[in-house]
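Read the structure below first, then the notes.
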Amino acid sequence: MVKVTYRQPDGSEQTLEGKPGDSVMQLAIGAGVPGIVAECGGSMACATCHVYVDDAWTGKTDTRSESEEDMLDCAMAEMKDSSRLSCQLRLTEALDGLVVHIPEEQF
Ligand code: FES
């Protein structure tokens, strides 16, 4: 199992366990993590699943596709180097312990 910690703007955290292949969004939706809405269900058409990957994990996730970047441009919160659509971020064993931050603007 792969652990992912979701950190809220107020500093509170929720750590969940998922299977390799699950998306960071699916895991969050299954547990009702606040701030991740995922209106489009993961088809890269809404940007309501935007998260910031924690600095400690920079360079350890896969890279964003051009279409993901286009959609991140439409997100409510500013796009940063660490921005990801959590529906496009798939769990792998190497990401065990991943920390993502939920943008404040998503509430
Ligand atoms: S769930 Fe809509 S873009 Fe990720």
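Karplus-derived 3J(HN,Hα) values for region 35-52, using 6.51 cos²θ - 1.76 cosθ + 1.60 with θ = phi - 60°, are x, 10, 9, 6, 3, 8, x, x, 9, 6, 10, 9, 6, 8, 10, 4, 9, 9 Hz; glycine and proline are entered as x.
Qualifying trypsin sites (Lys or Arg not before Pro) in region 1-93, where qualification requires a DSSP coil assignment and no more than 13 other C-beta atoms within 10 Å, comprise K60, K80.
Taking the Cα centre of region 58-107 as origin and charging only Cβ (+1 Lys, Arg; -1 Asp, Glu), how large is the dipole, in debye to the nearest 20?
Roughly 200 debye, rounded to the nearest 20.
For M76 and M1, the difference between the fully extended length at 0.36 nm per residue and the C-alpha to C-alpha distance is 23.9 nm.
For the chain, modelled as a Gaussian network with Cα springs under 10 Å, which listed residue fluctuates most, Q88, Q26, Q14? Top of the fluctuation ranking is Q14.
Residue separation of F107 and A94 scaled by 0.36 nm, minus their Cα-Cα distance, works out to 1.7 nm of gained length. Expressed as a fraction of 2.2 N^0.38 Å, the C-alpha radius of gyration for region 1-97 is 0.98.
Per-residue Karplus couplings for region 68-81, computed as 6.51 cos²θ - 1.76 cosθ + 1.60 with θ equal to phi - 60°, are listed in order as 5, 5, 4, 6, 4, 4, 9, 5, 5, 8, 3, 7, 10, 4 Hz, Gly and Pro entered as x.
Applying the criteria of a DSSP loop state and at most 10 other Cβ atoms within 10 Å to the GluC sites (Glu not before Pro) of region 48-107 yields no site.
Just so you know, all these numbers are worked out from the coordinates, no wet-lab data involved. Just so we're clear, the structure is a prediction, and the values are computed from it rather than from any experiment. Here the Cβ is made from the backbone with ideal geometry for all residues, glycine too, and neighbour counts use every protein chain on show.
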